[in-house]
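Notes to accompany the following structure.
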Amino acid sequence: MRARVERWFGELARLLYRRRVSSLILMLVAVGALISQLPRIEIDTSTEGFLHENDPALVTYNEFRAVFGRDEVIVVSVGPSDVFELGFLEKLRALHDELEEEVPHIDEITSLVNARSTRGEESELIVEDLLDEFPENAEELRALREYVLAHPIYRNLLISEDGRFTTVVIRTSAYSSAGETDPLEGGFEDEADLLATADAAERPFLTDAENSEAVAAVEAVLSRHRSEAFPLLAAGSPIITNSVKNSMKKDMQRFMAMAIGTIAIFLFVMFRRISGVLMPLFIVVLSLLSTLAVMAIVGTPIQIPTQILPSFLLAVGVGGSVHILAIFFRRLQLGDDKEEAIVWSMRHSGLPVLMTGLTTAAGLASFSTAEVAPIARLGIFASVGVMLGLIYTILLLPTLIALLPIRTHAGGAAERRSGWMDSLLIGVAHFSTTHARAIVATSLVVIAAAVAAASQLQFSHNPLTWLPPDSESRLATELVDRELRGSITVEVLLDTGRENGLYEPDFLHELDATNRATSEMQETTISVGKVVSIVDILKEIHQALNENDPAYYRIPDDRLLVAQELLLFENSGSDDLEDVTDSQFRTARVSVKVPWVDAIYYGDFLDLLSERYHEAFGGEFEITVTGLLPLLARTVHAAMLSTATSYVIAVLVITAMMIALVGNLRLGLVSMIPNLLPIVLVMGLMWLLALPLDLFTMMIGSIAIGLAVDDTVHFMHNFRRYHAETGQVREAVRETLFTTGRAMLVTTVVLSIGFFIFMFSSMSNLRNFGLLTGLAILVALLADYFLAPALMTLLVADTDRSEPTEPA
């Protein structure tokens with residue numbers, strides 16, 4: 001079977017060589033049609049983009065957004081020497097007005113300028129903007145200070161508890177404005193009316209591009225108003241998302257240039273020929289562009305995990321060409337013409353190149369079942385890219401060789417250039433076969449120690465800490481968390497099951513008591529900063545209608561009175577009730593504000609929060625916990641499950657393929673030891689360096705095994721060949737490393753540097769990923785240079801040269 005496959009590769013190479021012009025034209029036309037779709041590719045760094053569309057957590061979140069709008073807000077923080085100073089308030093009003101006028105995709109902007117002020121005059125309820133009557137003197141400023149600091153609704157929302165820090169809160173629209181006409185033309189007064197329409201659920205939510213437009217407009221306005229006396233910073237999840245996106249775009253461009261430059265340098269060092277550089281680069285660039293075009297065609301955006309795809313495919317895709325060209329140039333050196341050299345090379349290396357492509361794709365495809373959507377997409381499209389690179393290598397390389405003028409270098413010069421490498425590889429072969437027992441014993445001890453260390457690793461997901469410590473968006477978010485006790489919310493929805501169910505005083509009293517208890521929650525890493533719901537508005541109304549007496553800041557005990565007071569509030573012109581209940585007064589929304597911390601800690605907090613409201617209301621009402629924070633927690637949980645699943649799938653599939661390639665169950669299983677060593681060693685190193693398992697580092701295992709196995713495939717394939725020819729294990733190891741070891745070294749160096757370039761990223765998660773994956777690939781090469789030969793020395797017996805049997 002193996003011989004037939006090898007002959008097939010040789011005949012295919014001969015056919016492509018002889019029909020080189022027509023073959024190249026057909027390939028370029030097909031690839032050109034594919035690449036023409038590339039401009040349609042998009043970028044998505046949103047939090048909800050981490051989950052599949054049918055994920056229950058995301059479905060619940062989308063249902064919430066369809067009723068209440070977007071819960072993500074941009075928080076502009078201002079920390080002057082005195083908030084209640086006339087000059088500062090004038091600057092704040094100018095900033096507020098300009099943001100309202102210039103920032104697109106806005107649903108609502110709230111600051112001290114237009115914050116809700118509820119009061120009663122005789123029997124009339126008046127709801128107006130806080131600074132409708134702008135203070136003009138010190139006495140009015142003093143009265144304003146006392147009023148603001150005395151009212152709970154403002155504290156830790158628009159102003160700090162000490163009154164030294166204030167914010168402008170910008171809530172962007174829930175839905176995209178793409179193709180939308182003016183709402184007023186359709187008879188809608190605002191977005192809340194649009195949210196209630198029957199077709200609202202079919203409209204797309206605000207896109208990542210539109211979020212970036214809003215953030216860019218905010219930053220442009222802030223840059224014009226910012227001064228030493230008027231310090232401005234922008235925080236919130238939209239700001240963090242946009243910062244990650246901008247860093248990602250810059251990094252991708254830099255990484256691609258570095259990857260191409262690195263590959264070109266090492267190809268030239270290996271082959272000392274321009275053709276040896278251009279052909280592999282041409283193939284890998286085509287495969288990369290084709291992969292991105294496929295993503296564009298099926299509507300898959302580039303996301304945070306998939307940003308590694310371009311550099312990854314550039315580094316990985318060059319391996320097949322290197323192995324084939326290494327044999328091709330060697331055959332030219334021995335006197336073959338170009339046609340016979342490429343035919344021989346494809347017969348020799350076509351099968352292992354095919355198997356390495358399949359094993360790499362299998363390792364990556366193990367991510368395709370991931371519950372974290374971008375990781376699943378990375379698995380799918382990285383596999384597609386690897387397979388496209390494999391196809392282009394097999395079909396284009398013989399054609400390019402036929403068309404390009406390739407000279408035969410002088411034998412003496414070539415031998416001098418490669419002499420040092422040959423001496424190194426021969427020395428490695430000698431050492432690994434003469435010290436086999438010591439190498440295997442040492443490797444087993446290292447594996448055991450690494451497994452023990454790796455078992456102590458902790459999961460993590462905190463996009464904020466991916467950014468540099470001096471990043472403006474990170475500093476702003478940390479500042480808001482510190483001054484206002486939180487920048488992100490959990491949304492608790494209580495469905496009474498009937499229209500006007502929120503009018504019941506018993507329900508409202510229980511909700512008020514539960515909210516107060518929730519506001520006092522203090523966990524180890526999370527403390528609740530503020531809780532907002534319909535009861536806060538109702539208590540304001542009740543106080544205002546009772547001569548503004550603070551003693552009446554409470555919930556009425558009469559159902560009809562509750563209904564009347566809420567009706568008066570609606571008739572006052574304020575639409576703030578839309579933020580805390582639906583139009584039927586059936587569902588109450590409770591917003592719980594907390595600081596931004598590692599999402600691994602949110603799970604226990606959410607369980608306690610859900611338990612608290614279920615204990616109070618679970619018997620009668622349907623309770624849902626949703627919002628951005630639960631999405632982060634869900635992402636961590638999904639990533640943990642996906643990691644375990646992908647590792648198991650990758651190991652099982654690749655082991656089966658190795659057994660099939662080797663044709664021997666025992667040797668196939670043993671050959672996996674050099675492939676597993678890099679994974680456990682790097683995970684042990686992660687524990688030693690106190691690095692967590694995040695969305696990136698948890699991908700290392702499946703990626704590393706898919707790449708590590710490539711060199712093992714080439715080693716085992718050639719070892720079997722030379723053992724059958726010579727009958728001697730040591731001679732087979734020596735010939736294997738002498739012929740394919742050079743290509744293994746170059747491809748490993750290119751691959752590892754392809755990952756090490758991620759260490760130049762501005763984001764810490766990518767730096768850790770690049771360092772650890774690059775190290776894993778280098779360890780894999782050492783395992784194939786030393787451990788694999790040692791295992792073969794101990795397990796495979798010498799045979800008579802006249803009996804070319806398969807290794808036992």
**OP:** Sort out which residues of the stretch 685-726 are assigned to a loop (DSSP other than H, G, I, E, B) and either of a type in the set (D, E, K, R) or in contact (Cβ under 8 Å) with a residue 40 or more places away in the chain (or both), and write them in order of number.
**Re:** 691, 692, 694, 695, 696
Subject >> Unmet requirement for residue 53, which otherwise passes all of (1) more than 38 Å from the chain's Cα centre (by Cα); (2) farther than 30 Å from residue 285 by Cα >> reply: (1)
**OP:** Kindly check whether there is at least one residue in the stretch 305-316 that is in contact with a Lys or Arg (Cβ under 7 Å, 6 or more places away or on another chain) and closer than 24 Å to residue 767 by Cα.
**Re:** yes
Original post:
Out of (1) surrounded by fewer than 22 Cβ atoms within 10 Å (Cβ to Cβ); (2) on the phi < 0 side of the Ramachandran plot; (3) among the hydrophobic types (A, V, I, L, M, F, W, C), what's the single condition that is false for residue 599?
Top reply: (1)
Original post:
If we scan the stretch 621-643, do we find a residue that is without any contact (Cβ under 8 Å) to a residue 12 or more places away in the chain and either part of a helix (DSSP H, G or I) or under 30 Å from the mean Cα position of the chain (by Cα) (or both)?
Top reply: no
**OP:** Would you mind telling me which numbered condition in (1) assigned to a helix (DSSP H, G or I); (2) open to solvent by 20 Å² or more (accessible area, probe 1.4 Å) residue 259 fails?
**Re:** (2)
Original post:
Can you find a residue in the stretch 423-432 that is buried (at least 21 other Cβ atoms within 10 Å of the Cβ) and within 30 Å of residue 235 (Cα to Cα)?
Top reply: no
Original post:
Could you list, in sequence order, the residues of the stretch 572-605 that are under 31 Å from the mean Cα position of the chain (by Cα) and part of a strand (DSSP E or B)?
Top reply: 589, 590, 591, 592, 593, 594
Subject >> the stretch 713-769, residues that are of a type in the set (Phe, Trp, Tyr), within 22 Å of residue 682 (Cβ to Cβ) and open to solvent by 10 Å² or more (accessible area, probe 1.4 Å) >> reply: 756, 760
**OP:** Starting from the stretch 107-120, take each residue that is of a type in the set (Val, Ile, Thr) and list its partners that are open to solvent by 10 Å² or more (accessible area, probe 1.4 Å), counting only C-beta distances under 6 angstrom and pairs at least six apart or across chains.
**Re:** 109/100; 110/169; 113/93; 113/131; 118/127; 118/540
**OP:** Assess whether residue 153 counts as being within 44 Å of the chain's Cα centre (by Cα) and assigned to a strand (DSSP E or B).
**Re:** no
Subject >> Exclusive hit being more than 30 Å from residue 635 (Cα to Cα) and either at pLDDT 95 or above or not hydrophobic (A, V, I, L, M, F, W, C) (or both), set 495, 470, 536 >> reply: 536
**OP:** Could you check, for the stretch 286-308, whether at least one of its residues is free of Cβ contacts under 8 Å to residues at least 60 places away in the same chain, assigned to a helix (DSSP H, G or I) and surrounded by fewer than 23 Cβ atoms within 10 Å (Cβ to Cβ)?
**Re:** no
**OP:** Identify, by number, the condition in (1) among the aliphatic types (A, V, I, L, M); (2) at pLDDT 90 or above; (3) buried (at least 18 other Cβ atoms within 10 Å of the Cβ); (4) within 33 Å of the chain's Cα centre (by Cα) that residue 608 doesn't meet.
**Re:** (3)
Subject >> Top-ranked residue of the stretch 757-782 - restricted to ones that are among the small types (Gly, Ala, Ser) and not in a helix (DSSP H, G or I), ranked as farthest from residue 432 (Cα to Cα) >> reply: 762
Subject >> Residue satisfying condition, being at pLDDT below 85, under 27 Å from residue 702 (Cβ atoms) and of a type outside the set (A, V, I, L, M, F, W, C), within set 741, 774 >> reply: 741
**OP:** Tally the residues that are without any contact (Cβ under 8 Å) to a residue 60 or more places away in the chain and open to solvent by 70 Å² or more (accessible area, probe 1.4 Å), restricting the search to the stretch 224-256.
**Re:** 3
Original post:
Inside the stretch 18-52, can you point out the residues that are of a type in the set (S, T, N, Q) and not in a helix (DSSP H, G or I)?
Top reply: 36, 37, 45, 46, 47
Original post:
Just one of 797, 783 is under 22 Å from residue 658 (Cβ atoms) and open to solvent by less than 40 Å² (accessible area, probe 1.4 Å); which is it?
Top reply: 783
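The values are calculated or read from the model by the stated rules, or taken from the named source; none is laboratory data. Predicted model only: the values in this text are computed from it and were never measured. Cβ coordinates were reconstructed from backbone atoms using ideal geometry, including for glycine residues, and neighbour counts include every protein chain displayed. The accessibility values were calculated without ligands, DNA or RNA, using every heavy atom of the protein model including side chains. Shrake-Rupley method; radii C 1.70, N 1.55, O 1.52, S 1.80 Å.
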